[in-house]
Structure formats: C-alpha cells, structure tokens
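**Student:** Structure provided below as structure tokens; questions to follow.
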C-alpha cells in the first residue's frame with residue numbers, strides 16, 4: 001500500500017520517470033503488444049432489448065384481448081424464456097429496475113440509464129392499459145415457472161390473499177435497501193438467475209430448484225407471493241382500461257372456467273344474498289378505515305425501532321459495529337475486511353461518521369417503509385369488508401397474470 | 001337504474017385512479033429521466049484502490065471469474081526477477097512450476113534481450129486471484145493489475161464482487177469508458 005501511494009505520487013510528479021524499475025531502452029527495437037480490452041455489449045443492443053420488450057408487450061396485449069389464444073401466448077412464453085432468460089441471462093429485468101430507480105432518486109451520483117427507465121415504465125404503462133401482460137409472457141421469471149405447472153392445487157383464498165401481502169413488504173424493504181446504498185436485495189435473492197446463467201452460488205441454485213419444485217403444485221409461487229414488481233403491477237392492473245375477459249360475450253355462469261385458473265384469480269359471481277348479509281356490517285368498513293392511520297404509525301414505529309438491525313446489512317455499518325463491539329477482531333489476521341480497513345488510510349472516525357450517516361438514513365427510511373407496510377395492511381383489511389355485486393365469472397384484475405388458460409374453457413361463442 | 005349508477009361510479013373511480021397513476025408514473029419517469037444518462041453502467045476495478053485480497057476469483061457469479069489480470073506494458077520494468085511471476089524467496093533460479101506464483105500458469109514469459117523479459121497474461125487461464133498483482137506491487141512497478149473483462153462479464157445489476165470487496169475498489173463506470181487501465185488511467189489522473 002505505501003508503495004502504491006509512492007507510485008501515485010511518482011506518476012503525478014513526473015509520469016513514468018520515477019518508477020522503481022523504469023522501462024528499459026530496448027536495443028532490439030522491441031515494441032510491446034497492445035493490451036486487449038474488449039468493449040462491453042454495445043448500447044444499440046440494449047435499445048434492441050427495449051424494442052423486444054415493447055414488441056412482447058404489444059403482441060401479448062393483442063393476443064389476450066383480440067386474438068384470445070392460449071397457444072400463441074404459450075409460444076411467446078417460450079420465446080421470452082429463451083431471449084430474456086437464457087440469452088440475456090435475466091439481467092436487467094423490470095423487477096430489478098425498481099432498485100435502480102430508487103437508487104437514482106436517493107444518490108445524485110448515480111444517473112440511471114434510459115434502458116432501465118424504459119424497462120421500469122413499459123410494463124407498468126401496459127398494465128394500466130391491458131392488465132398484467134408483462135407477467136403473462138415477457139417476464140422470464142414468470143415464464144420458467146409457467147412451464148413447470150403440472151398439477152396445481154387450489155390455495156385457499158384467505159391464505160393466498162394473506163401471502164399476497166408479502167410482495168408489498170418485500171418491495172418496501174428492497175426500496176429501503178437500494179435507496180440507502182446498501183444493496184440490491186431483489187437481485188441478490190433472484191431464485192432463477194442461477195438457472196438462466198447455468199451457474200451460481202449453491203444456495204441460489206437450491207432456492208431456484210425449490211421454487212420450481214413447489215411451482216409444480218402451487219402455480220407460480222414467486223409471482224404470487226414474492227415478486228415485488230408484481231405488487232406494483234397488481235395495483236396498476238386493478239385500474240386497467242382493458243383487460244382479458246374469460247367469455248367473448250355474455251357469461252352464462254356455467255362454472256366451467258372456474259377450475260381452469262391455476263392461480264385462483266377468477267372471481268365468482270356474488271349473489272344478492274351475500275350483499276344483504278354484508279349490509280349490516282358497514283361498521284366494519286368504517287372501523288378498518290379508521291384503523292389505517294394507527295396501523296401506519298405502528299408500522300413506522302416498529303420498523304424504525306429496528307433500524308439499527310436493518311442497517312447492519314450495509315458493509316460500513318457492519319464493519320463499524322464489528323470493530324466497536326469486538327475490538328479483539330483487529331488481531332484476527334484471517335478477517336480480510338478488518339485487515340483491509342486497518343491497512344487503508346481510512347480512519348476509525350471517518351468510518352463511524354459514515355456509518356452514523358447511513359444509520360440516520362435508515363431511521364428516516366424505516367419510518368416511511370413501516371408506514372407503507374401499515375397502509376398496505378390497512379387497505380387489505382378494508383378490502384376484506386367490501387363486497388361488490390357481481391354477475392358472471394371474471395378474472396380478478398389484480399391477481400390475473402394474463403396467461404390465457406381460461407379462454408378455451410368458455411363454451412360461449414362470439 | 002340503481003345498478004347503472006353504481007357502475008358509472010365504479011367506472012369513474014377506476015378511470016380517475018388510472019389517470020392519477022399515469023401522472024404518477026410519468027412524474028417518476030420524468031424525474032429519473034432528468035438526471036439520467038444516455039450511457040449504461042458497467043463494473044470495473046479501480047486498480048489504485050485494489051488490495052489484491054483474492055475475492056475477485058471467488059465471489060464472481062461466473063466461474064472462472066470475469067476479473068482478469070491485465071498488464072500495463074508501459075509501466076513494466078521487464079525484470080528477469082519478476083515479483084509477479086516468481087514466488088518470493090524461491091530456492092533456485094529457475095522458472096519451474098514450483099517457483100511460479102500463478103496457480104494456473106497464466107503468465108507467459110518471453111525473452112526479449114539480455115536481461116529483459118516480456119510477461120504476457122493468458123486470459124483464458126487467468127482466474128483473477130491477484131497473487132501476481134500482490135507480488136508485482138510489492139516488489140515491482142505494479143504494472144500487473146486486475147480489470148473486469150467486458151467480453152466475459154454478464155454485467156449483473158448488482159456485482160457480487162463489488163458487494164464483497166473489502167477496499168470498495170469495484171465500482172460502476174460509464175459504458176463508454178469501461179476500463180480503468182493502469183497505464184492510460186494513471187495518465188488521466190494527472
């Protein structure tokens with residue numbers, strides 16, 4: 001390290017003249033070879049990726065709304081798996097782009113690229129127009145799970161609705177970790193990236209295979225119970241302009257489609273009787289709505305009181321804690337992080353100062369994150385107390401993944 | 001009549017929510033766009049921060065690692081006794097395998113003229129372990145240094161090496177200037 005500084009000083013004073021061993025004057029007229037430094041993947045190809053995504057989304061929208069063909073959708077699923085999955089190695093995907101966006105808002109030194117903005121925006125915009133068409137075909141993580149669904153079991157609605165809250169928690173935490181510069185947890189624990197790349201750490205491969213095995217019976221578990229981008233798409237899709245419909249004209253309530261959906265995303269008709277039963281329970285709605293601010297406060301308080309624990313995921317905070325709580329570790333020559341820190345010109349004060357700044361950011365961020373989780377829990381409670389009159393079977397706009405399986409079960413002709 | 005009214009109300013809520021979300025999305029996108037770049041980010045090792053800990057070889061998602069040793073020929077002293085090529089305190093002055101630092105024999109030594117030798121890295125064999133970088137920096141000019149080879153790197157959204165690097169040497173650089181090569185890079189610094 002001291003030599004490196006010396007070298008730096010030497011170079012800055014008088015280019016290469018003061019090297020330890022100056023480059024010799026060769027009598028033979030020797031010319032040194034060029035160092036090969038291959039260029040990264042060109043920007044033009046990145047823009048082609050955006051165009052491919054756009055094409056996938058447009059064609060899928062047309063397929064689910066006009067053409068109404070599961071066969072074609074399946075073809076696109078395979079194409080997406082090959083292109084975005086195995087060819088592009090699953091990076092960058094819209095799911096991870098959430099973190100890039102969060103980092104770009106919090107870190108002025110990080111300018112997000114146009115490609116990432118496009119990857120973040122396009123699926124959300126399309127979901128406002130046509131539902132979750134991105135989940136239907138273009139997503140490589142969804143595609144690989146979609147192809148392994150063999151014998152899907154029905155998950156009880158209460159269980160799947162409750163588990164469906166986890167993506168929002170995951171989203172909130174991922175944004176917290178990304179915006180504090182701690183890391184991109186969604187990418188770190190992407191279960192299928194190891195399969196796309198044909199190689200990864202052991203635990204990631206195990207996780208990926210576990211998800212695929214579970215996915216044979218519980219259809220697309222990552223999409224429904226984990227995916228943080230799916231949480232965003234769920235919300236936008238609820239208010240979409242157009243959406244896939246099971247029947248091409250009028251539902252005759254034959255129930256044929258109700259078992260075709262492996263995701264439990266088809267809403268049954270709600271008879272008048274159920275409405276009148278709920279009539280007396282308007283109090284519940286008021287109660288839950290009033291509880292939302294309390295839940296937000298509670299969530300913010302709960303998470304902020306554990307902000308120290310959360311912030312330990314940041315390497316600087318971790319190192320500062322390690323050195324303060326356990327000074328004996330400084331003698332541990334095996335600990336690379338500690339030895340590198342001691343060998344560097346960084347002082348303990350500056351490390352502690354940086355760690356405190358990160359913890360302060362975590363304190364602010366965890367209040368917001370906790371309040372958001374509280375809000376989600378509150379809205380979930382409120383939604384449980386709302387019942388709507390519905391005739392016929394319809395896909396649930398939030399949960400429907402636009403896979404088109406239900407289409408061929410409907411006996412009604414146009 | 002009653003039913004139609006609720007339908008209209010629902011439709012109104014839905015379309016106004018949709019409108020609000022388009023606005024929110026547009027706002028977020030616009031804000032991100034304002035300080036965005038028409039360039040992409042790639043990962044690179046800053047050789048002046050690198051502490052040759054060896055994690056580049058073990059923590060890359062690829063095997064072997066996308067981090068390779070690269071040689072700044074214009075910084076090299078072309079020594080016979082190369083600190084990056086031979087293990088320190090080697091018993092005999094021979095270039096036999098037991099006297100070489102590189103575990104994969106990726107450094108090729110070629111005689112130029114008395115007493116100078118050229119050292120070339122065979123990147124197909126290099127695993128990015130930085131053993132030669134340590135030797136070259138300790139006893140020589142530090143012309144051997146680690147760089148991410150962008151032909152191999154899959155450019156993960158979050159680099160696993162960057163996360164584990166103890167000296168914070170792996171960072172995002174612009175795709176238009178994807179290398180921090182020692183020769184050129186040190187000249188740029190002055």
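Please treat every number below as a calculation from the coordinates, not as lab data. Keep in mind that what you see is a predicted model, and the values were worked out from it rather than measured. Heads up, the Cβs are rebuilt from the backbone with ideal geometry, glycines too, and the neighbour counts pull from every protein chain shown.
**Student:** Over the Cα atoms, compute the radius of gyration (one decimal) and Dmax (the largest Cα-Cα distance, rounded to a whole number) for segment B:41-189, in Å.
**Tutor:** 15.2, 48
**Student:** Averaged over peptide A:116-125, how many Cβ atoms belonging to another chain are found within 10 Å of each residue's Cβ?
**Tutor:** For this peptide, the per-residue mean of nearby foreign Cβ atoms is 3.
**Student:** What is the distance in Å between the Cα centres of segment A:353-389 and segment A:104-128?
**Tutor:** 22 Å
**Student:** Rounded, prolate or oblate, given the Cα gyration tensor of segment A:163-305, with a/c below 1.5 counting as rounded?
**Tutor:** Oblate, since a/c reaches 1.5 and b/c is not below a/b.
**Student:** Anyone know which of B:18, B:55, B:172 comes out most mobile in the 10 Å Cα GNM of chain B?
**Tutor:** The residue that fluctuates most here is B:18.
**Student:** Also, I was wondering about something else. Report the residue, chosen from A:38, A:293, A:262, that carries the largest GNM mean-square fluctuation when chain A is represented by alpha-carbon nodes joined by springs under 10 Å.
**Tutor:** Greatest mean-square fluctuation among the candidates belongs to A:38.
**Student:** Let me know the shape class of segment A:224-300, please: from the alpha-carbon gyration tensor, a ≥ b ≥ c as square roots of the eigenvalues, rounded when a/c is under 1.5, otherwise prolate if a/b is greater than b/c, or oblate.
**Tutor:** Oblate shape, in that a/c is at least 1.5 and b/c is the bigger or equal ratio.
**Student:** Counting just the Cα atoms, what span does the protein assembly as shown cover along each of its three principal axes? Round to the nearest Å and put the largest first.
**Tutor:** 100, 50, 41
**Student:** If I model a spin label at residue B:99 and residue A:44 as a point 7 Å from the Cα along the Cα→Cβ vector, what separation in nanometres do I get?
**Tutor:** A separation of 5.1 nm, rounded to one decimal place.
**Student:** So, R0 is 56 Å and r is the distance between the beta-carbons of residue A:259 and residue B:33; what FRET efficiency does that work out to, to 0.05?
**Tutor:** That gives a FRET efficiency of 0.80.
**Student:** Over all residues in B:145-157, what is the mean tally of Cβ atoms on other chains that come within 10 Å of each residue's Cβ?
**Tutor:** Partner Cβ neighbours, averaged per residue: 5.
**Student:** Do you know the relative contact order of segment A:317-414, to the nearest whole percent, from alpha carbon pairs under 8 angstrom that are 6+ apart?
**Tutor:** 21 percent
**Student:** Using only C-alpha atoms and all pairs of different ones, pull out the Kirkwood radius for segment B:6-101 in Å with one decimal.
**Tutor:** By the Kirkwood definition, the hydrodynamic radius is 20.1 Å.
**Student:** How many angstrom lie between the C-alpha centres of segment B:159-180 and segment A:132-191?
**Tutor:** 28 Å
**Student:** How many angstrom lie between the Cα centre of segment A:21-49 and the Cα centre of segment B:103-145?
**Tutor:** 16 Å
**Student:** For segment B:106-160, state what percent of all Cα-Cα pairs lands in each successive 10 Å bin, counting from 0 Å until the bin that includes the largest distance.
**Tutor:** 19, 44, 28, 8, 2
**Student:** May I pose another question? At a Förster distance of 56 Å, what's the computed FRET efficiency of residue A:54 paired with residue A:329, Cβ-Cβ distance as r, to 0.05?
**Tutor:** The value I calculate is 0.60.
**Student:** Rank these for me by crowding, A:30, A:110, B:119, going from fewest to most other beta carbons within 10 Å.
**Tutor:** Final ranking by Cβ density, sparse to dense: A:30, A:110, B:119.
**Student:** Based on the Cβ-Cβ distance from residue A:396 to residue A:86, what FRET efficiency comes out when R0 is 41 Å, to the nearest 0.05?
**Tutor:** After rounding, the FRET efficiency stands at 0.85.
**Student:** Would segment A:134-232 count as rounded, prolate or oblate if I go by the C-alpha gyration tensor, calling it rounded below 1.5 in a/c and otherwise prolate when a/b exceeds b/c, oblate otherwise?
**Tutor:** Oblate.
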